[in-house]
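Inspection log for the structure reproduced underneath, given as structure tokens.
The values are calculated or read from the model by the stated rules, or taken from the named source; none is laboratory data. Everything numeric here is computed off the predicted structure, so don't read it as measured data. Because the Cβ atoms are built from the backbone with ideal geometry, glycine has one as well, and the counts that use them run over all protein chains shown.
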Amino acid sequence: MKPDETESPWRTISSEQVYDNPWITVREDQVVRPDGEPGIYGVVHFKNVAVGILPIEEDHIYLVGQYRYPLDLYSWEIPEGGCPEGEEPLRAARRELREETGLEARHWRRLGEAYLSNSVADEYAVWFLATGLIPGEQGSEGTEALDVRRVPLREALGMALSGRITDALSLVAIMSYVLERSTDG
């Protein structure tokens with residue numbers, strides 16, 4: 001028998017917030033699992049929508065390099081940031097592109113949306129294509145030490161396929177753009 005896509009096989013008995021900061025909350029739920037047995041489930045709630053920007057110019061993409069504290073690794077990514085509740089994702093994307101790269105874009109198009117780690121978190125992401133790029137002044141936040149590179153799209157795709165780009169939002173944005181281009185002609 002196939003599961004019903006509209007009805008949850010989980011039952012929540014109780015829920016307790018165990019951590020809270022300006023960006024996330026963590027809760028632990030006492031549950032009855034789909035097999036009928038009792039269990040626990042930890043859920044990370046993200047207070048911001050993640051926005052990603054794919055800045056494309058003449059078959060080149062702008063990538064941002066930075067050291068990611070949770071991973072203890074350097075990471076090449078598309079420009080990204082958080083969109084607080086009540087702000088339009090496109091407005092946040094414009095701000096993040098300017099802050100992280102110094103670029104502004106004349107043309108914007110929403111490329112996609114996804115949940116980034118839906119087994120433990122509710123982080124929702126939206127990504128945009130930014131074209132008609134205009135150079136400006138970069139204004140990174142105090143938590144960021146950024147390097148900006150303009151690379152051929154083919155090289156960025158190679159970085160994604162070889163594991164040099166591992167950030168989920170960057171991967172889905174690059175892949176969705178490349179797939180869209182390949183089906184357009």
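Right, ASP59: in the same structural domain as LEU146 (by TED's automatic domain parsing), under 21 Å from SER182 (Cβ atoms) and charged (D, E, K, R) or not? Even if it seems obvious, please write down each step before you answer.
Details: in the same structural domain as LEU146 (by TED's automatic domain parsing): yes; under 21 Å from SER182 (Cβ atoms): yes; charged (D, E, K, R): yes.
Here the answer is yes, as ASP59 does meet what is asked.
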> Using beta carbons and a limit of 9 Å, which pairs, at least six apart or on different chains, have the first residue in region 167-185 and of a type in the set (Ser, Thr, Tyr) and the second one assigned to a helix (DSSP H, G or I) and crowded, with 16+ Cβ neighbours inside 10 Å?
Replying inline: SER170/ALA156; SER170/ALA160; TYR177/LEU153
> Scanning region 1-37 for residues that are of a type in the set (A, V, I, L, M) and closer than 25 Å to ASN48 by Cα, which turns out surrounded by the fewest Cβ atoms within 10 Å (Cβ to Cβ)?
Replying inline: VAL18
> Going through region 18-46 one residue at a time, which ones are part of a loop (DSSP other than H, G, I, E, B) and out of contact with any Gly (no Cβ under 8 Å at 6 or more places or on another chain)?
Replying inline: ASN21, PRO22, PRO34, ASP35, GLY36, GLU37
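Can you tell which of LEU63, LEU54 is touching a Lys or Arg at 6+ places or on another chain (Cβ under 6 Å), touching a residue at least 24 places away in the same chain (Cβ under 8 Å), among the hydrophobic types (A, V, I, L, M, F, W, C) and surrounded by 14 or more Cβ atoms within 10 Å (Cβ to Cβ)? Even if it seems obvious, please write down each step before you answer.
On the way: LEU54 fails: touching a Lys or Arg at 6+ places or on another chain (Cβ under 6 Å).
Sole residue among the options that is touching a Lys or Arg at 6+ places or on another chain (Cβ under 6 Å), touching a residue at least 24 places away in the same chain (Cβ under 8 Å), among the hydrophobic types (A, V, I, L, M, F, W, C) and surrounded by 14 or more Cβ atoms within 10 Å (Cβ to Cβ): LEU63.
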